[in-house]
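To start, the structure under review is shown below, and the notes come after it.
The values are calculated or read from the model by the stated rules, or taken from the named source; none is laboratory data. Just so it is clear, the structure is predicted and the values come from calculations on it, not from any experiment. As a convention, Cβ positions derive from the backbone with ideal geometry for all residues, glycine included, and neighbour counts pool all protein chains shown.
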Amino acid sequence: MGRRSGPGKRDGGKRAWQTWLAGALLPVTVLAVWQVLGDLGYISFLLFPTPQRIGNAFITLAKTGELWSHLWISLARAMAGFALGGGLGFLFGALVGLYRYAEKTLDPSMQMIRMVPHLAVTSLFILWFGIGETAKILMIAKGAFFPVYINTFLGIRNVDNKLFEVARVLEFSRFKQLVRLVLPAALPNILLGVRLSVGISWLGLVVAELMSSTSGIGYLMLDARASSKTPIVFVGIIIFAVFGKVTDSIVRRLERRLLGWRDSYQG
C-alpha cells in the first residue's frame, strides 16, 4: 500500500506546484513590467515607486522592528473583530434559521442594519467609544457579522425537510438535530460565510486604522502618506493583500477538509 500512495502524493505535489506557478504568473509579470517602466522613466517614482524601492522600504521597516510592532497590533484587531462578529453572526443566524418567530422578530432589523454603509457609522463609533481599541474592534465586527449571519441562516433553511422528518422518527432531541443534522448539512454555506467574513474583516481593519488610530499597518500607511513616503504606503497595501490571501487560503483548506465528502464540479 505504501508503494501505491507514493505516485499519488507526487502527483498531488506536482499539481500543487503547477497551481502555484499559474497563480504567480500574472503578478510576477506585472511586477517585472512595472520595474522596467520605472527604470526607463515612464512612470513617476513619487506616485508609483518601483518594486525594488518598495522592497527596500520593507527591508528597512523590518530591520528597525517598526513593521512587526504595527503588524501584530493589526493582526490582533482583525482576529478579535472577526471572532466577535463571526461568532455573533453564527449564533443569530442559527437562531433565525431554526425558529420562524425569531426570523420575523430579528431579521427585518438585521437587514436594515446591514444596509447602513460601513463609513456611515465610523463617526458614531468614534463618538460613542472614542479612538481606542473598542471602536476599532466593533467596526471590524460589524463587517464580519453579516456574511456569517446570512449564510448560516440560508444554510439551515436549505436543509432538506425530509431529514427533519427522519430525525423525528428517530426521536432526536433538538440539540441532537442541530449537531447531527442541521450543522453538517448547512456547513457549506457557513464556511462560505466565514470566508467572506474574513475578507471583510480586513477591509474593516483598513477603515478603522485609517480613520482613527495611532498604531497598526493602516496608521503606518497614513503617516507615510503625510510624509510623501509612497513606498511605505505600497508596503502596507501589499501586507494587507498578502495576509488577506493567506487567511482566505486557510479557510479554503479547512473547507476542503471538512467538505471532502462532496463530489462537486472542479472545472
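Every residue in segment 26-45 that is of a type in the set (A, V, I, L, M) and surrounded by 10 or more Cβ atoms within 10 Å (Cβ to Cβ), please. Steps first, please.
Filtering segment 26-45 down to residues of a type in the set (A, V, I, L, M) leaves 26, 28, 30-33, 36-37, 40, 43.
Selection gives 28, 30, 31, 32, 33, 36, 37, 43.
Against the condition hydroxyl-bearing (Ser, Thr, Tyr), within 24 Å of the chain's Cα centre (by Cα) and part of a helix (DSSP H, G or I), how does residue 123 come out, does it pass? Spell out the reasoning first.
Details: hydroxyl-bearing (Ser, Thr, Tyr): yes; within 24 Å of the chain's Cα centre (by Cα): yes; part of a helix (DSSP H, G or I): yes.
For residue 123, the condition - hydroxyl-bearing (Ser, Thr, Tyr), within 24 Å of the chain's Cα centre (by Cα) and part of a helix (DSSP H, G or I) - is met.
Suppose we keep only residues that are in a loop (DSSP other than H, G, I, E, B) and either touching a strand residue (DSSP E or B) at 6+ places or on another chain (Cβ under 7 Å) or of a type outside the set (Val, Ile, Thr) (or both) within segment 95-120. Which one would you say is nearest to residue 202 (Cα to Cα)? Steps first, answer last, please.
Restricting attention to segment 95-120, the residues satisfying the condition of being in a loop (DSSP other than H, G, I, E, B) are 99, 115-117.
Restricting the remaining residues to those that are either touching a strand residue (DSSP E or B) at 6+ places or on another chain (Cβ under 7 Å) or of a type outside the set (Val, Ile, Thr) (or both) gives 99, 115, 117.
Working: 99: 32, 115: 19, 117: 16 Å.
Result: 117.
Quick one: would you say residue 171 is more than 18 Å from residue 207 (Cα to Cα), assigned to a helix (DSSP H, G or I) and either more than 16 Å from the chain's Cα centre (by Cα) or outside the structural domain of residue 251 (by TED's automatic domain parsing) (or both)?
In short, no.
I'm told residue 175 meets every condition in (1) surrounded by 13 or more Cβ atoms within 10 Å (Cβ to Cβ); (2) out of contact with any Pro (no Cβ under 9 Å at 6 or more places or on another chain) except one. Can you identify the failing condition by its number?
Among (1) surrounded by 13 or more Cβ atoms within 10 Å (Cβ to Cβ); (2) out of contact with any Pro (no Cβ under 9 Å at 6 or more places or on another chain), the lone unmet condition for residue 175 is (1).
Do the conditions hold for residue 264, that is, is it of a type outside the set (Asp, Glu) and either in the same structural domain as residue 69 (by TED's automatic domain parsing) or at pLDDT 85 or above (or both)?
So residue 264 fails the test.
Go through segment 131-140 and give me each residue that's among the aliphatic types (A, V, I, L, M) and at pLDDT 80 or above.
Matches in segment 131-140: 135, 137, 138, 139, 140.
Would you be able to tell me the number of residues in segment 196-240 that are on the phi < 0 side of the Ramachandran plot and out of contact with any helix residue (DSSP H, G or I) (no Cβ under 9 Å at 6 or more places or on another chain)?
Number satisfying all stated conditions: 3.
Can you confirm whether segment 112-130 contains a residue that is at pLDDT 90 or above, closer than 28 Å to residue 209 by Cα, in the same structural domain as residue 174 (by TED's automatic domain parsing) and crowded, with 16+ Cβ neighbours inside 10 Å?
Scanning segment 112-130 turns up no residue that is at pLDDT 90 or above, closer than 28 Å to residue 209 by Cα, in the same structural domain as residue 174 (by TED's automatic domain parsing) and crowded, with 16+ Cβ neighbours inside 10 Å.
Of the conditions (1) over 28 Å from residue 136 (Cα atoms); (2) modelled with pLDDT of 80 or more; (3) not hydroxyl-bearing (Ser, Thr, Tyr), residue 88 fails just one. Which one is it?
Failing condition for residue 88: (1).
Do you know which of the residues in segment 207-248 that are in contact (Cβ under 8 Å) with a residue 40 or more places away in the chain and of a type in the set (Asp, Glu) is nearest to residue 61 (Cα to Cα)?
Here the answer is 209.
Please give the number of the condition residue 154 fails out of (1) among the aliphatic types (A, V, I, L, M); (2) surrounded by 15 or more Cβ atoms within 10 Å (Cβ to Cβ); (3) under 15 Å from residue 205 (Cβ atoms).
Just one mismatch for residue 154, condition (3).
From the list 163, 187, which one is surrounded by fewer than 21 Cβ atoms within 10 Å (Cβ to Cβ) and touching a residue at least 60 places away in the same chain (Cβ under 8 Å)?
Only one candidate qualifies: 187.
Out of all the residues in segment 112-160, which are aromatic (Phe, Trp, Tyr) and touching a residue at least 40 places away in the same chain (Cβ under 8 Å)?
Within segment 112-160, 145, 146, 149, 153 qualify.
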